[in-house]
Amino acid sequence: MKTTGLWLIVLLTMLFPRTVRAEMDFDTRVFRPPAPAGPPVRVDAPPAVRQGQVSLVTIHDPAPGGEVSAWYGKKPISLIEGDRSMIGLLPADVLASPGPRTLRIAWTDGQGLHRRDFLVPVETKDYGSRSINVDSAIFSMGPGGKKKAQEDERLIAAALARKTPERYWRGPFSRPAAGRTTSGFGVRTRVNGKWRDFPHEGLDYRGAVGDPVRATADGVVALTSDYYYTGNAIYLDHGEGLISCYFHLSRIQVKEGDWVKKGQVIGRIGSTGVSTASHLHYGLHLDGAWIDPGAFHRLVETLESGKASAGMEPVGKEEATGGLMPGKDR
Ligand SMILES: [Zn+2]
């Protein structure tokens, strides 16, 4: 009878493993059913990204608790958590080669890892051009300048390459200076009859020496520099690959590692570096790309619609202030 009773237990265990094992106080976690796949993820990819601009991709209804990542070309892009969605920022450098580029979205749910690829080409954008004549002496680097310039370039490249995993900025961005904008982003310039290698990689604000320069968003001071092209310069890291730059300052009022808040005075307008008149050059660099600051500020405002706008006026018509030296002015 004893043997029969044992066989009965074995038989019951085989027939009703869950019940019997549960009764026998086994670890029931092994019986957990597979996690559900979750609703299908919908992706709204943009048709293209224009040079110097940022396009958005929206990933709807990602699985709760799942992870989402995205790459544009070979670079991981920033993702902003929205209401039951993730919004990715796709930047194209002002000098990015036009042509096909892959946007890859990857996400996890109860069934594992999924991915989808989209073709999002980079398209050209014409920002216009201008011709100016200046005293070429302002390009002079001075004795011993070349070695220092090389070291400065190395530090600047490192600051621009920062990809802090946390995002410090919350939109909308504020103005870096009170004055009106003079020289627009992306403009190609011919100086003394010769085209510069680089278009204008920022936005210029008119201002007098000593006028305050303010951080446009929360961040940490990544670098302060006195590179001969940019003059006294501040680079702020706003996290997730976004860096803002403030050039030609007369004074720098922060130091590397300082935390700054949006609207905080970080320096003073000047005319240091390659510059012919006092002004602020303001630049934005996102995941390896110089992007149009005015357009990006407006884009963030649309993302944050409903909140008070501290946005920028449209880029003004170019004025003959002689404020900015383009090209390497970045
Ligand atoms: Zn400029």
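The values are calculated or read from the model by the stated rules, or taken from the named source; none is laboratory data. None of these values were measured; they are calculated from a predicted model. As a convention, Cβ positions derive from the backbone with ideal geometry for all residues, glycine included, and neighbour counts pool all protein chains shown.
In table form, for the structure just shown:
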item: Residues that are touching a residue at least 40 places away in the same chain (Cβ under 8 Å) and of a type in the set (Ser, Thr, Tyr), drawn from the range 120-162; result: 124, 127, 129, 131, 136
item: Meets criteria (in contact with a helix residue (DSSP H, G or I) (Cβ under 7 Å, 6 or more places away or on another chain) and either in a loop (DSSP other than H, G, I, E, B) or within 16 Å of the ligand (Cβ to nearest atom) (or both)) for residue 171; result: yes
item: Output for the range 152-174, where each listed residue is crowded, with 19+ Cβ neighbours inside 10 Å and more than 17 Å from the chain's Cα centre (by Cα); result: 152
item: Answer residue from the range 256-283, given it is within 11 Å of the ligand (Cβ to nearest atom) and at pLDDT 95 or above and is farthest from residue 205 (Cα to Cα) among those; result: 283
item: The range 209-232, subset assigned to a loop (DSSP other than H, G, I, E, B) and touching a His at 6+ places or on another chain (Cβ under 8 Å), residue nearest to residue 168 (Cα to Cα); result: 218
item: Residue that is within 12 Å of the ligand (Cβ to nearest atom), among the hydrophobic types (A, V, I, L, M, F, W, C) and at pLDDT 95 or above, where the choices are 233, 289; result: 233
item: Matching residues in the range 89-137 - criterion: being basic (Lys, Arg) and over 21 Å from the mean Cα position of the chain (by Cα); result: 115, 116, 130
item: Filtered residues of the range 47-101 (kept if assigned to a loop (DSSP other than H, G, I, E, B), surrounded by 15 or more Cβ atoms within 10 Å (Cβ to Cβ) and of a type in the set (A, V, I, L, M, F, W, C)); result: 48, 63, 77, 92, 94, 96
item: The range 189-208: number of residues that are within 29 Å of residue 172 (Cβ to Cβ) and within 16 Å of the ligand (Cβ to nearest atom); result: 10
item: Hits in the range 40-64 (condition: charged (D, E, K, R) and over 15 Å from residue 120 (Cα atoms)); result: 42, 61
